[in-house]
1. Yes or no: PHE480 of a type in the set (A, V, I, L, M, F, W, C), without any contact (Cβ under 8 Å) to a residue 24 or more places away in the chain and in the same structural domain as PHE629 (by TED's automatic domain parsing)?
2. Which one of these does THR796 not meet: (1) under 23 Å from ASP694 (Cα atoms); (2) touching an Asp or Glu at 6+ places or on another chain (Cβ under 9 Å); (3) touching a residue at least 60 places away in the same chain (Cβ under 8 Å)?
3. So LYS652 passes all but one of these: (1) within 21 Å of TYR510 (Cβ to Cβ); (2) in contact (Cβ under 8 Å) with a residue 24 or more places away in the chain; (3) charged (D, E, K, R). Which condition number does it fail?
4. Based on this model, can you work out whether TYR465 counts as of a type outside the set (Gly, Ala, Ser), surrounded by fewer than 20 Cβ atoms within 10 Å (Cβ to Cβ) and at pLDDT 95 or above?
5. Given the condition modelled with pLDDT of 80 or more and among the basic types (Lys, Arg), answer yes or no: does some residue in the stretch 320-333 qualify?
6. Any idea how many residues of the stretch 746-778 are surrounded by fewer than 16 Cβ atoms within 10 Å (Cβ to Cβ), in contact with a Gly (Cβ under 7 Å, 6 or more places away or on another chain) and at pLDDT 90 or above?
7. Can you tell me how many residues in the stretch 599-643 are crowded, with 19+ Cβ neighbours inside 10 Å, more than 30 Å from ALA229 (Cα to Cα) and over 26 Å from the mean Cα position of the chain (by Cα)?
8. In the stretch 199-257, what residues are under 16 Å from the mean Cα position of the chain (by Cα) and at positive phi?
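The values are calculated or read from the model by the stated rules, or taken from the named source; none is laboratory data. These numbers were taken from a predicted model, which means no experiment stands behind them. Reconstructed Cβ throughout: ideal geometry from the backbone, glycine too, with neighbour counts over all protein chains shown.
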Amino acid sequence: MNKWFYLFFLFSVELAAQQRILTGKVSAGEAPLPGATVRIKGTNAGTLTQADGTYRLPFSKGSVLIVSAVGYAPREIAVGTATVYDVVLETSQYLLGEVEIVGSRNASRTRTDSPVPVDVIDLKPLKESAPQVSITQLLQYVSPSFHSVNGSNAGDAGSALNLSQLRGLGVDQVLVLVNGKRRHKSSNVNWGGLGNGATGYDLNSIPTGAIERVEILRDGAAAQYGSDAIAGVINIVLRKSTEELGVTSTVSTRRRGDGTTSRTSANYGFALGQKGGFLNATAEFATQAISLTPGRDDAGLYNGPIYGGGANTRGYDAIYTKEIDEAILAKRGIDRHYFDQRGGGSNKAKDALLFFNAAIPLREEAEIYAFGGISHRNSQFTAVYRLPGWTERNNTFLYPDGFLPAMDNSITDKSLAVGIKGKVHDWNVDFSNVYGKNDFGNVISNSLNASLGLKSPTSFDAGKYNASQNTASLDISRYFPKVLHGLNLAFGAQYRVETYQIIAGEEASYSKADLQPVYDLDTTAAGVPYLRNAGSVALNGLSPGSQIHAGFRPANEVNVSRAISAGYADVEINPTANWLISGAVRVENFSDFGNVTTYKVATRYKIADWLGIRGSYNTGFRAPDLAQFYYTETSTSFQQGRAIDQVTASNKSAATRALGFPALTPEKSKGYAFGLTSRPLNNLELSADAYWVDVDNRVGNTGNFSATDTNLPIEVRNLFVQTGTTQAKFFYNSFSTSTKGLEFTGSYRTPLRRGQLSFLLGGNFVKNEVTGVNTPKGLEAYRYIIFNEGEKARVTSNIPGKKITAQAIFNEGRFNYLLRAVYFGSVTTASALNANFPQPDYFFQQLRPIWVADVSVGYRVSPAIQVTAGINNIFNELGDYTQVASLRNPTVVGIQNGSAGIQPFARISAIF
């Protein structure tokens, strides 16, 4: 023991002897550059420059110094025997691999002088210190206008995804870019959660280890980037580092021992040639164990009848008492926890991801670039336990104790972008093509098709669907420094092809075996009697198809595409040194519904060196996704404890048309913003922006039309019989909304003698209101079904109206510390109790506001290796959990932040 201590002591002394203090100044031209990052390559050591551009950093002899700042080209400097190194950075306007700050096509624009609010989030300190590991959760806890929660708040396949919102608007009203290029969406249409009836972007299909920073444009930008950008744009900027191997591994678990997660990432960059070319690659593997329903320790415990009491009821009758149930449980050697509710927690999942980013110079100021990757996820969602007493859903010969059906989703994302950019006669030209595809497979296991009786399989291929996008773009820009006080002119064209496909499942996954033809006696014109087919009837009333999610039928199969061509122009001009005006106009043509024109104007005026005002006005649109036109499915929901089979009809179906719903049309928006920016100190930035966004004709799901309604058209009644369902819903441009809010952000960074301290503060206060409901002519009596209380709550009160984030990261010597608190405001849920006509009943519950606090401590074992430990939700904030017995309807918890209580984590990271 003494020998090892002595060797460790000698190693520590030697290491300390090698440590020196490096000082210097970083500048841009003659001006000092505060807030620049100075770090030692191959280590976790780094600091920030002070207000006068100076820095102070311990280093080891023979190290390479990397100096970088957003908007400037990074520099690498070999450190010799000197201890003072002054560094001059150049703007990154024409340099290899750089991507402009989103929201402006002026490559030298920075977030501080932008006419619209832009957040630039450096992921490096978060990946070192934060408890979260996925990109959606990292942003959830640091960006006040960003919102994403565990996908299990959605149902079925949607539980595999963590969709994202900006400014309280829809998950399909935000556009995602990677390195400034449009990213493809998921092919899945989500039910429940944040994205009911919508498709969205799966940010978690991009490995966290591949991301350098995230730029969030918090303003409508359809005129600049096209469809979806009503709420704003999220730009993922990939890493470009070379000759550096970074490895990190994180594991965490919840207090109850469930929901264990792990994520391991490896990133390495190769230099290509001697002129700055690079290839940076990342491999990542993640696991997620299933977790129970968030809330108290007994959350999800089933207390209703199990072996008796009548099918689909929670009360006990005179024959089957609780005592009888308990006696049967004891005889079988199980207890009530065997039937616990699983929904609301996390899915069991495994992710494997591989991404790359590369650029090769062709000549001075020209390059070929490429980026993309592949990710594969297996995710298992388990639904409500089918109890043995539910005779219309269970076959006790196959499952004597009932069964817990599972949906196994196999999700693959593939993307590849290639392009060439450079200067042609002083014009910057960028020609690129980006292809992306999302495949979704559905296998139902531990289930049955009750209508098949003992012939039913217990595992089903329920079918597949996929969506792809191919985008070819030509972007041209030029900066004219001598026109007034600077003019940036940009224009370009884009051609995009989108596809969507549904592939049917096996027959047992959708069939209703007890359907029999019904014949009616009729006569010909000559009076000859004959039998004619009058439809079908279900004989035994047993549930059809694979339970949890019925398979796609051959009649549901589609393979469709559309083409979109677009042209845009974008101008930024400085009439004076202190005044910036920008404008953009875009024209797009969709092959399926025609032309859309959008425009945007924005301005910023610098009142003083430390204070500016800004404002913008934009028009926007969102084209309905092909999936929203053509998707159809059958699944099960639970209302007041009763299982209800529902069908979602395609917008193109005969039932939809017969009922009177027209074809979908684009959503259109108008957005206004006004804000202040301030930099009272060189290392302190403040901003506040008020915004107002009106969106007309939003696409959503209607409420549930009931099979008991005899007034429905024959096409709708036939749909009920064919699918064995009792309720139906439809896609429709059913409502309009108004969103008003106020955002503020603040950041402060200061170098210290032995380290650095950084603060982040932000908040978003938003209110969503429904301003109109579109009721088709002839369906006025169905007003409260076409747009029901559940859908109204989803778009107005299901996300926190207030969110405040406060974070501090302190680095000192070998230690770094994170302290963070996030406030999530109250939300109100609305759960359907029935499909009564003309107005269904709903159970409303308000969930109180919550504070979630995180802490972590990191220790640098050596210049290359760091270990970190900490706790997410250190005060075990569970939020509200209530089950109202008289309504037999448990509330949804975790909807504010997806938390199931305290969650410790440990991480080891190394850079070589």
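1. yes
2. (3)
3. (2)
4. The answer is no for TYR465.
5. Scanning the stretch 320-333, I find at least one residue that is modelled with pLDDT of 80 or more and among the basic types (Lys, Arg), so the answer is yes.
6. Number satisfying all stated conditions: 2.
7. Result for the stretch 599-643: 2.
8. ASP228, GLY232
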